[in-house]
1. Restricting to segment 147-186, what's the tally of residues that are closer than 18 Å to SER5 by Cβ, of a type outside the set (A, V, I, L, M, F, W, C) and in contact with a helix residue (DSSP H, G or I) (Cβ under 8 Å, 6 or more places away or on another chain)?
2. Check whether at least one residue in segment 38-55 is farther than 28 Å from GLN137 by Cα, assigned to a helix (DSSP H, G or I) and open to solvent by 20 Å² or more (accessible area, probe 1.4 Å), and report yes or no.
3. With the requirement that a residue be open to solvent by less than 40 Å² (accessible area, probe 1.4 Å) and without any contact (Cβ under 8 Å) to a residue 24 or more places away in the chain, what does segment 99-114 give you?
4. Of LEU134, LEU129, LEU144, which residue is within 18 Å of SER5 (Cα to Cα), touching a Leu at 6+ places or on another chain (Cβ under 8 Å), touching a residue at least 12 places away in the same chain (Cβ under 8 Å) and in a helix (DSSP H, G or I)?
5. For ILE158, only one of the following conditions fails: (1) modelled with pLDDT of 90 or more; (2) over 19 Å from GLY16 (Cβ atoms); (3) within 25 Å of the chain's Cα centre (by Cα). What is its number?
6. Would you mind finding the one in VAL56, VAL100, VAL82, VAL76 that is more than 24 Å from PRO31 (Cα to Cα) and at pLDDT 90 or above?
7. Any residue in segment 168-182 that is farther than 14 Å from GLU112 by Cα sitting within a Cβ distance under 7 Å of a residue that is assigned to a helix (DSSP H, G or I)? List the pairs, counting only those 6 or more apart or interchain.
Amino acid sequence: TLAASFIGVGCGIGVGLLIGWSIRIRRLVEPVLEMIRMTPPLALLPFFLMWFGRGVITEILITMFYGFLFLAINTVEAIRNVPPIYLQASQTLGATRGQVYRTVVLPSIVPELTGGIRVAAGLSWALLLGSEYLGAQEGLGRLLLISQVFFFTGRMIISVACFAILSFALNTLIVRMSRGLTQWMP
């Protein structure tokens, strides 16, 4: 499911770049994305369980979907936050629209995207736990649910600790990668 989250993030960045490139596409697609984003993820989880069944496939699809959704919106916002002076300066120097996008917009959005990836990874972990808690036959969420039913507090603590350790390790990895990508920043 971690790979699914990163596939969703990659697709979200790609779609976000496309939406940010075209005003027409933005006007058409962005309201739909925003409407879905404002719907709590756990409210849509029962639909994923109903359509795709209980198990790993549902976990993969829900983490992919929300990774995609979050990063598509994050990418569009990052593009909007590029200082206009950067765009104007590059156009004044004769850059074409494609050159501006490739050499000004893309490098400018990297810091915001790395922050968005961290948040999306946290959201993916939460959705993974929720989907395992509600519908999986295995996993830490399932172990947590069974431990709660039988009042196995020790197992519950261990389950939560495992989740926290895995989440922290993933966050640390993303932070290190983002520092490597943004070495040019002060």
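1. Matching residues across segment 147-186 total 3.
2. yes
3. Result: VAL100, VAL104.
4. Details: LEU134 fails: within 18 Å of SER5 (Cα to Cα); LEU144 fails: within 18 Å of SER5 (Cα to Cα).
Being within 18 Å of SER5 (Cα to Cα), touching a Leu at 6+ places or on another chain (Cβ under 8 Å), touching a residue at least 12 places away in the same chain (Cβ under 8 Å) and in a helix (DSSP H, G or I) holds for just one of LEU134, LEU129, LEU144, which is LEU129.
5. ILE158 satisfies every listed condition except (3).
6. On the way: VAL56 fails: at pLDDT 90 or above; VAL82 fails: more than 24 Å from PRO31 (Cα to Cα); VAL76 fails: more than 24 Å from PRO31 (Cα to Cα).
Just one listed residue meets the conditions, VAL100.
7. Taking only residues 6 or more apart or on different chains, the pairs are LEU170/ALA121; ASN171/ARG118; ASN171/ALA121.
Let's see how each residue does on (1) out of contact with any Ser or Thr (no Cβ under 7 Å at 6 or more places or on another chain); (2) within 29 Å of ARG102 (Cα to Cα); (3) open to solvent by less than 20 Å² (accessible area, probe 1.4 Å):
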site: ALA4; (1), (2), (3): no, yes, yes
site: GLY8; (1), (2), (3): no, yes, yes
site: VAL32; (1), (2), (3): yes, yes, no
site: MET35; (1), (2), (3): yes, no, no
site: THR75; (1), (2), (3): yes, yes, yes
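The values are calculated or read from the model by the stated rules, or taken from the named source; none is laboratory data. Since we're looking at a predicted model, the values are computed, not measured. With ideal geometry, Cβ positions are generated from the backbone for all residues, glycine too; neighbour counts draw on all protein chains shown. Quick note on the areas: whole protein, heavy atoms, side chains included, nothing else; ligands and nucleic acids left out. Shrake-Rupley method; radii C 1.70, N 1.55, O 1.52, S 1.80 Å.
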